[in-house]
Structure formats: structure tokens, C-alpha cells
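The values are calculated or read from the model by the stated rules, or taken from the named source; none is laboratory data. Since the structure is predicted, the reported quantities are computational estimates derived from the model, not experimental observations. Every residue, glycine as well, gets a Cβ built from its backbone with ideal geometry; the counts of neighbours run over all protein chains shown. Please note that ligands, DNA and RNA were not included when accessible areas were found on the heavy atoms of the full protein model with its side chains. Shrake-Rupley method; radii C 1.70, N 1.55, O 1.52, S 1.80 Å.
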Amino acid sequence: MKKECIAMLLAGGQGSRLYVLTSDVAKPAVPFGGKYRIIDFPLSNCINSGIDTVGVLTQYRPLELNGYIGSGQPWDLDGSTGGVHILPPYQGAKGGSWYKGTANAIYQNIGFIDMYDPEYVVILSGDHIYKMDYSDMVARHKAAKAACTISVMEVPWAEASRFGIMAVDGDDMITEFAEKPKEPKSNLASMGIYVFSWQALRKYLTEDEADPNSENDFGKNVIPAMLNNGEKMAAYRFQGYWKDVGTLDSLWDANMDMLSADSGLDLTDDSWTIYARSVNAPPAFLGAEAKVTHSAINRGSDLEGTVENSVLFTNVTVGKGAKVSYSVLLPGTVVEEGAVVEYAILGGDSCVVGKNCRVGGAPAEGEDKKLAILAPGCCLAEGTEVLPGIMLGKNGEEVSR
Amino acid sequence: MNGLHGIIFSYERRNDLRELGEIRSAASLPFGGRYRAVDFPLSSLVNAGVTDVGVVLHGRYQSMLDHLGTGKDWDLSRKRGGLKILPPFNYQKEWGVMPFRGKIEALAGVRSYLENIRQDYVVLMDGDLVANLPLADVLEQHIATKADITVVCANDSFTIEDGTYFEKDETGRVKEVLYHLQTPRGHRSLETYVLSTKLLKKLVDECYAKGQFSWRQDVLLAKKDELHEQCYIWSGFATQMRTVKEYYDRSMQLLDPAIRKELFTPERPIRAKGADKASTYVGPEGCCVNSLVAEGCRIEGNVVNSVLFPGVVVEAGAEVCNCVLFKETTVRKGAKLSFVVADKHVEILEDRTLMGHTNYPIVLSKGTKV
């Protein structure tokens, strides 16, 4: 079945900088924004952009991610001529290997892509929160007659040295690419979203695989090789909200951004719905003494206490007299009566903050926030105190970062 | 095949639902912030392991068809069995002109469907019954008591429009079938009946041949001595919302945690269609207490003792008190509502005031702009 364009989503990463949140799940399966998981964003962007065939490359802890994606039905990706396909590493007649790098992961699935014989392949990753019309980017790719198009966004000059930076000519064609340059030549940062003409990519992947010195990585190997060979490489300028949620702080920031319309992250826009596999539960109940302000709430929750500036996922309980502020409570978190939670991420999955516990605290004037983190399933006995910046594992043990 | 087959009747139009019944049958009435009435019988069936369900429709069923889809929200989209939508394909009368005169006529209208039922037992239910019934227990009792028909009834004689009531003896056997009562007595029927497939087909053929259409008059009452009719008493929450007043009162009862706990017990979850909306947001000045709130709402004003369906917007300074607001209702700045039931897509403009009373809630029909 020929398709003009298909997407390959790199979802095998551990997300080690999310520490306890990804000890049992892959990063793309980490909950976000009250009812989503990170992977809902690229999957929804695909279907909203008219891409109905998506390969999801999994490797690290895929159980929950696989179950979450299932048939792909929540994203309308369960069609009979495409849909979502989970692509784990596999054994062949001559052995097999783990995905050695991002490029190798695609290389190992050349057979899958060839099945659809596409003109273009969109390469996505499962660690960004953004809404983007990939069909616009593909149109740019076609118009530029490029072999590869990389989506870029302007970042503050001061931060440019943290990104992969593109130098471009007057037509926004890429002339140079530098990974985390000390002296950046532009402030256009790569967002890790690529469109390739499939035949060109296929050739470079095969060559890259044959090179024993390659790390088989798109940013480090494939893109530089294409540039060196004088392939036409276009930049696609993206404007709008985009955030890498690969760290605990950035995950917290992005959740807070959802609460404020001026952050640019608007998930209520019906023309670009972010779909999710939803949990079946009755509507949230806010009790007679509940004081919920500037917060997001979801199904199955039972709120009797005070909640401020927080994002509460599904099936969260906040008891009477408890106070939750500037925090992110993942699905199934319980905050018992009288407990205080400030500047924290609570991992859910029956994570219980016992009566009169204190978790985290507001940063002192002029200081950076130090988030307190509880792993999924972590239970605190009555009256426990968890200081700001402390992270506890599933069994209540301290985990250093 | 051992097991239970479900047949849900969704053809009745309840005139006392006023504007709420204009565009839908009672079974597709929104209830509890994210459900339709029919989600409760469907979930009760599925939770009892029922895999085959027929829904008998007649007139005003667009809303119902839209809601049911292929049945996948209840795991009823199956290669074998699953959900079957049953318009009256064997119906002799002119299509859509006359409502069914009774369940027998409705069943006769789908007689060939009955022939293909794979299961030994059938449960007949009304689509507008909001209760989380343990139907597996009902079937177990039905088999244990060797009853011909098990009638599920509530442990009260609560007055409902056109209700049926049963009086039983000490063994639970039905002694009297009552209806059109000024002062109800006995047990309120929840219009849920279990019987063998064989008996059902026999009764339908027998009655239809004699021009009898009424299940309660021509079967339950007429054959109460001939057949063993046994009561199953259900003491949990159960409502057949046939008037606006009852709809309103029952909605408000959901604010009681004990009732929610029983109706939404995790052992028998009520399944419903998803809404694909973002999280609900309560603004910095917003206040929402003693209320049930579905997803995708934006609350900047005051909400007290209310039930909000998905996508409701309450702007700053607006007050919503003792209200039930259906999907995507918007209450603009400074508007004040109390004792109002607003259907989908209603908009209350700035500074408007609407006050109903607990005895007579104001109903705003779909798409109204006030």
C-alpha cells in the first residue's frame, strides 16, 4: 500500500533525567497535562496533519507504552491501510541487536518503511510538548526540493549553545550544523523533527550502518554526512509553543504552562485536538470545603482541600484541610487530610501522602525552585516530612540526582 | 448457550421531560456529568458478562445512534454478537407514525432477531433506567428460584410517571401487579425482567396473535398465577427519570458521596463515550464547591451545588447555583443562574438572571441564547 508520507516516532528512550518517573515506563509514556501522556502530542499531530501511518520504535520498558497505544483507536490510527505500528528490535536469521542509535533504529525498520513505499518520512521523537502541522513542513520540503528538512525555532542567543544550531542562507537552506556550539553562528535550534525524502535517507542509513565508527545517530552522523555531501537541506521555521520535557524541572514547567493561556500552550483549541486514551471514571467532585484555584482537574478526582496553581491528573484525592500548591499530581495520587504539598511532582499510581505530611516547599526569595519528587507508588506515613529538592523512590528510599 | 442476552428498549418519548425530551428519547438523556441514561443499562449488562445486546428503537433516535456508534465504548463491537441496533424492521404499521403500544409490539417488530439469540436467558431493560444493577446476581437468583420471570424492583413505592408496582408474598413471589395508581404501593418496578429465551418467544407469539401488546397487562398481570413471577429487590440508587422534576432531583442526589460510591462502584464501572477535551480549569478567581465537574470546563466564576457536563464555561463574576448544565453551555460574565437545567450549547448572556425553583427547575432547550 503506497503512502506519500509516513511518520516514524522514536520512543525507545529511557529519559534518565526524569529519574523515578521513568523507572518503570519509557519517557513517551510519562503523563502530562492532566490527562495526556507525552506521546499523545506527536501521535495527535500526525493524525491532525493527515499522516495516518506511524511506526513507533520502542525499546526501553515498553509494556505500559504498548498497552497505552493499543490498537491506536484513540488517535484514529487504527485504519486498515495504515495506522500505528509498534516496532521493537527483533531477531533475524543472522541474529539481531538492540537499537544502537536513532539512525540504527530506523535502519532496522527499512523493511517496514519500504512496505509503504513512501516519498517522504517524518522522523519524530516522543519527548516534546508542541502542536505542529507536519503537512506544512512536508510542503516546505517539497517546495525546496530538499533531501532533508529540519524544523527549527529561534531560541534566545544566550541559550543557543545548549542546542543543535543551524546556520542558514537567505533561502533558509541549511549551510552548517553544529551540535551544542560554544560560539553559535545563529539562534536557530533544531527541534529534533525531520522530514526526509525516503530514497535519500535510505541511502544514507545504509552507508551509516556500514561505517563502524558511526554512533548511528541522526544529529551526530546522518545529518552531518548529508550536509558534507552537498545534499539540499532546508530549515522549516516553527513558531509556537515547543518544550523538551526531558527533565523534572522542564516537565513541571510545561505542566504549569498549560494553566496559563499566555504561555502559548493551548490545549482547548478544537481545531487541533490532542487525543488521549482516557480513563473511565465519574466526573471530578469538588467538596463543600474545596478551594481550587488556577488549577487543572480531571475525572475520578475527589477534592475536599485547597488546591492552587497545580495540575491534578485523573483519580486524585485531596483530603479535608490538605493544601496542594505549585505541584503536579499524577494519576491516582492521594493527599490525605491536613497534608501540605508545595513545589512537588507526586508520581501517582497510589502514591499516598499521609495525614499531616509536608512535602516540598516554596523557594526562598530570589532562589530557584527545588522540586520534591515522589516516585509512582511511594507511600508516606502520617506526619512525614520531605524537604524541597528531595526525591523518594517507590519504597520511600532517597534517590539522588 | 448458557448466559444472558440483553434487550434494551429505547423508544419511549416522555412528554414530561419538557424541552429535554424534544430532541431525544429518554434513554439518551444526559445524566451525571458525562453519561447518557442508556450507559447504565449497557454497563450493567457488560459488567455481568453479557456480550450480545439489542437496542430496540423507534423515532427520535438520531441522538441515540450517534451515542451508541458501533458499541465499542462498551466493548460491544464484536464479530459475533455485540451491539445490534433494532429499528422495527418487522413492524406492520406505517413507519414512524404510531409509537409502539407496548413492549410486546416492540418485540414483535423485531421477531426474527429473537430467533437468532444464542443465549438461554434474556434480560429486558428500559433504556432510561439509571442504576448500577448486579445482573449476574439477578440471573443467579432467577435460576436458583426456578422462576419463569424475575422482575427487578426497587425497595420503595416511589411515585413515577406511568410506573408499575409489584406486591409480593413472603417468598418473594409476585402476588399483584399494579399500575395507574393514585397512591403507589408495593415495590416500584425497575422494568428489568429476566426470563428464558424460549419463554420470551412463546409469550411474544401468543400475545401478538391475540392482538395483545402490553407486557405488564397481558403478560405480567394476566399470567401472574399461571407463571412463577419472582421479585429481585434492588436497594441501591435507581431512577427512571420521567419528569423534569425527577431528573433534577436525581441529578442533585449525585452530590451525595454515598450515592456516588454505590452508583459508580469500581467493581462495576459505568462506561461512557469519551469526550476528547482538555483538563478542566478553575481560574484564579474561580470558586467551585459541592459540584460534579466533567472535563474541558473553564470556571472563572462561582459554581455551587451543580453538575457540569464537558466543556461548560462559567465566566468571571457569573454565579451558577443548584444547576445542571449540559455540554458546552456558556454562562457569560455576571450572569446568575439558579435551579436551571440547560441543554447542550446554551448561552446565557452577560448579566442575565434566571431563577427557577426546586419544585420547578427552568429548562433551557438545546442551543438557546438567553
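Observations, loosely collected:
- Condition check for residue B:83: within 30 Å of residue B:137 (Cα to Cα) and at pLDDT 90 or above: yes
- Checked against the criteria, residue A:356 counts as more than 12 Å from chain B (Cβ to nearest Cβ), open to solvent by 40 Å² or more (accessible area, probe 1.4 Å) and either within 26 Å of residue B:257 (Cα to Cα) or modelled with pLDDT of 95 or more (or both).
Quick grid of which residues meet (1) away from chain B (no Cβ under 13 Å); (2) at pLDDT below 95:
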{"position": "A:237", "(1), (2)": "yes, no"}
{"position": "A:240", "(1), (2)": "yes, yes"}
{"position": "A:243", "(1), (2)": "yes, yes"}
{"position": "A:251", "(1), (2)": "yes, no"}
{"position": "A:266", "(1), (2)": "no, yes"}
{"position": "A:271", "(1), (2)": "no, yes"}
{"position": "A:278", "(1), (2)": "no, yes"}
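- Selection of the stretch A:270-313 for residues being among the basic types (Lys, Arg), in a loop (DSSP other than H, G, I, E, B) and surrounded by fewer than 24 Cβ atoms within 10 Å (Cβ to Cβ) yields only A:277.
- Long-range neighbours under 6 Å by Cβ, at least six apart or interchain, first residue within 19 Å of residue A:4 (Cα to Cα) within the stretch A:120-133, second in a loop (DSSP other than H, G, I, E, B) and open to solvent by 10 Å² or more (accessible area, probe 1.4 Å): A:133/A:49
- When every residue of the stretch B:260-269 is checked against the conditions, at least one turns out to be closer than 27 Å to residue A:304 by Cα and open to solvent by less than 10 Å² (accessible area, probe 1.4 Å).
- Contacts under 7 angstrom Cβ, first residue in the stretch B:109-131 being closer than 12 Å to residue B:201 by Cβ, partner open to solvent by 50 Å² or more (accessible area, probe 1.4 Å) and modelled with pLDDT of 90 or more, 6 or more apart: B:113/B:84
- If the condition is being open to solvent by 50 Å² or more (accessible area, probe 1.4 Å), more than 14 Å from chain B (Cβ to nearest Cβ) and part of a loop (DSSP other than H, G, I, E, B), then the stretch A:73-96 contributes A:80, A:81, A:88, A:90, A:93, A:94.
- Taken as a whole, the structure places residue B:18 among residues that are charged (D, E, K, R) and either in contact (Cβ under 8 Å) with a residue 40 or more places away in the chain or under 30 Å from residue B:245 (Cβ atoms) (or both).
- The listed residue being at pLDDT below 95 and either open to solvent by 10 Å² or more (accessible area, probe 1.4 Å) or under 24 Å from residue A:288 (Cβ atoms) (or both), out of B:359, B:322: B:359
- Between B:317, B:311, the distinction of being assigned to a loop (DSSP other than H, G, I, E, B), open to solvent by 40 Å² or more (accessible area, probe 1.4 Å), modelled with pLDDT of 95 or more and more than 15 Å from residue A:303 (Cα to Cα) belongs to B:317 only.
- Selection within the stretch A:237-269: residues that are in contact with a Ser or Thr (Cβ under 7 Å, 6 or more places away or on another chain) and charged (D, E, K, R). The member of this set that is least open to solvent (accessible area, probe 1.4 Å) is A:257.
- Subset of the stretch B:167-185 (residues that are open to solvent by less than 80 Å² (accessible area, probe 1.4 Å), assigned to a loop (DSSP other than H, G, I, E, B) and closer than 16 Å to residue B:149 by Cβ): B:169, B:172
- Of the helices (runs of 4 or more DSSP H) lying entirely inside the stretch B:38-156, those containing at least 3 residues that are more than 14 Å from chain A (Cβ to nearest Cβ) and closer than 26 Å to residue B:247 by Cβ are B:39-47, B:62-68.
- Selection within the stretch B:344-356: residues that are assigned to a loop (DSSP other than H, G, I, E, B) and in contact with a strand residue (DSSP E or B) (Cβ under 6 Å, 6 or more places away or on another chain). The member of this set that is surrounded by the fewest Cβ atoms within 10 Å (Cβ to Cβ) is B:356.
- Flag for residue B:337 being more than 14 Å from chain A (Cβ to nearest Cβ), buried (at least 20 other Cβ atoms within 10 Å of the Cβ) and in a strand (DSSP E or B): yes
- Filter result for residue B:75 (more than 16 Å from the chain's Cα centre (by Cα), surrounded by fewer than 16 Cβ atoms within 10 Å (Cβ to Cβ) and at pLDDT 80 or above): yes
- Conditions (1) polar (S, T, N, Q); (2) open to solvent by less than 50 Å² (accessible area, probe 1.4 Å); (3) touching a strand residue (DSSP E or B) at 6+ places or on another chain (Cβ under 8 Å); number of the one not met by residue B:155: (2)
- Taken as a whole, the structure places residue A:295 among residues that are at the interface with chain B (Cβ under 9 Å from one of its Cβ atoms) and of a type in the set (Ser, Thr, Tyr).
- Among the residues making up the stretch B:25-37, a single one is in contact with a His (Cβ under 9 Å, 6 or more places away or on another chain) and part of a loop (DSSP other than H, G, I, E, B): B:25.
- Leading residue by the ranking (farthest from the other protein chains (Cβ to nearest Cβ)) among those in the stretch A:302-330 that are under 16 Å from residue A:31 (Cα atoms) and either in contact with a Pro (Cβ under 6 Å, 6 or more places away or on another chain) or not β-branched (Val, Ile, Thr) (or both): A:327
- Counting only strands (runs of 3 or more DSSP E) that fall entirely inside the stretch B:204-300 and contain at least 2 residues that are away from chain A (no Cβ under 14 Å) and within 20 Å of the chain's Cα centre (by Cα), the qualifying elements are B:229-234, B:238-240.
- Single unsatisfied condition, residue B:169 versus (1) under 26 Å from residue B:79 (Cα atoms); (2) without any contact (Cβ under 8 Å) to a residue 24 or more places away in the chain: (1)
- Scan of the stretch A:373-390 for residues that are open to solvent by less than 50 Å² (accessible area, probe 1.4 Å), of a type in the set (A, V, I, L, M, F, W, C) and either in a loop (DSSP other than H, G, I, E, B) or over 11 Å from residue A:21 (Cα atoms) (or both), ordered by number: A:375, A:378, A:380, A:386, A:390
- Those residues of the stretch A:197-248 which are assigned to a loop (DSSP other than H, G, I, E, B) and among the polar types (S, T, N, Q), in sequence order: A:213, A:214, A:216, A:229, A:239, A:247
- Reported count of residues in the stretch A:97-135, each being crowded, with 21+ Cβ neighbours inside 10 Å, of a type in the set (Gly, Ala, Ser) and touching a Ser or Thr at 6+ places or on another chain (Cβ under 9 Å), is 2.
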